[in-house]
Amino acid sequence: MGDMREIRNIVILTGAGVSAESGIDTFRSAGGLWENHRVEDVATPDAFARDPNLVLRFYDMRRAAIQEKEPNAAHVALARLEEHWPQRTGGKVLLVTQNVDDLHERGGSRRVIHMHGEHLNAWCTSCDVRSRWWGPLIDRPPCPVCSARTLRPDVVWFGEVPYRMGEIFAALREADLFVSIGTSGAVYPAAGFVKNARELGAQTLELNLERSQGSHHFHESRLGPASEVVPAWVEELLR
Ligand code: BJW
């Protein structure tokens, strides 16, 4: 990656491409459509207000599906990096994921920020408490804390503010290397992290099946399936 300062702190941003080989559809595969609805038209607070059954059905289906999937070699390699990198270098690895599945955790990662929320959480809009949730929401189950039947998927829709942005920007400020894996670069603010990190002095690397929309912002792009390029990159770092 050319002339660069010593790498200690690494921030990794992942998107749907890291889970694609586990059998979870990406957003912009199939033309970004679900039952002929554009994802942008289902994943919004307006859509939920207009047609809650449609939106709850969409998320119930996906919540059930992820529980049948397994982490792939990319998830496992990132967990291995998080475990060994601090011992080797004294640096830190932070994983920021846009994914709402739990495959990073099941692959062994511990320092994970889910900036777009989590499928396996339900958020009660009455008492504002999040509860771990595996079943459906379409039948309006009561909140385990306050009993109100006002649970919604704990995911960040368009127009809502992504989670833990302060922590993410603090980590970007300390990053020596920013790596983006399997994301199209179509959705902000995540799509802007590469520019933020680069302006703050980090090296930037993209690992993706094909070039993302913001590919030209990266110092380097390596193209290929995540299950191959991610383990190869981790081995190179830990060598
Ligand atoms: C592989 C692979 C393999 C395949 N191996 N790779 C105009 C301009 C700029 C911004 C805006 C604008 N108008 C509105 C906005 C803001 C808006 C936005 O960005 N809209 C765009 C459509 C333009 N953003 C928001 O509203 C966000 N909030 C916000 O901005 O608040 C203001 C604020 C921010 C910060 C501080 C203070 C205030 C919220 C965005 C919420 C996004 N939510 C979703 C749904 C989550 C719940 C759910 O799962 O349903 O998040 S949308 C969807 O897109 C989901 C994803 O996390 C996100 C990103 O998708 P991702 O992961 O990149 O997937 P794909 O499918 O796009 O790409 C897959 C990639 O993998 C591809 O590149 C493939 O090549 C690759 N791939 N197989 C490796 N095997």
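The numbers here are math on the coordinates, done by the rules we state, and not lab data. Source: prediction; values computed, not measured. With ideal geometry, Cβ positions are generated from the backbone for all residues, glycine too; neighbour counts draw on all protein chains shown.
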_Cβ-placed point charges (K, R +1; D, E -1), dipole of the chain about Cα centre in debye, nearest 20_ = 400 debye
*asked:* Quick one: 3J(HN,Hα) in Hz for the range 177-182, Karplus 6.51/-1.76/1.60 with θ = phi - 60°, rounded, Gly and Pro as x.
replied: 9, 10, 10, 10, 10, x
*Please turn the phi angles of the range 72-88 into ³J(HN,Hα) values with the Karplus equation 6.51 cos²θ - 1.76 cosθ + 1.60 (θ = phi - 60°), one per residue in order, whole Hz, x for glycine and proline.*
10, 4, 5, 4, 5, 5, 5, 5, 5, 4, 4, 6, 8, 4, x, 5, 6
*Could you compute the FRET efficiency for residue 68 and residue 222, with r as their C-beta to C-beta distance and R0 at 25 Å, rounded to 0.05?*
0.25
*Considering amide H positions built from the backbone, and no H for Pro or chain starts, which residues 5 or more places from residue 148, or on another chain, come under 5 Å of its amide H?*
143
*Which cross-chain or sequence-distant (5 or more) residues have an amide H under 5 Å from the amide H of residue 221, H modelled 1.01 Å from N in plane?*
206
*Let me have the relative contact order for the chain, percent, based on Cα pairs under 8 Å that are six or more residues apart.*
24 percent
*For the chain, max minus min Cα coordinate along each principal axis, in Å, sorted largest first?*
56, 36, 32
*Taking the range 24-143 on its own, what percent of its Cα-Cα pair distances exceed 20 Å?*
52 percent
*For the range 145-222, which GluC sites (Glu not before Pro) are in a loop by DSSP, counting at most 13 other Cβ atoms within 10 Å?*
160, 210
*Computed magnitude of the charge dipole of the range 179-239 (debye, nearest 20; Cβ of K, R +1, Cβ of D, E -1)*: 160 debye
*With the Cα gyration tensor of the range 71-123 giving a ≥ b ≥ c as the square roots of its eigenvalues, does the rule (a/c under 1.5 for rounded; else a/b larger than b/c for prolate; else oblate) give rounded, prolate or oblate?*
prolate
*Amide H neighbours of residue 14 under 5 Å, counting only residues 5+ apart in sequence or on other chains, H built in-plane at 1.01 Å?*
96, 97, 98, 181
*asked:* Restricting to DSSP H runs of at least four residues, report the calculated mean residue ellipticity at 222 nm for the chain, -39500 (n - 2.57) per run over all residues, nearest 500 deg cm²/dmol.
replied: -9500 deg cm²/dmol
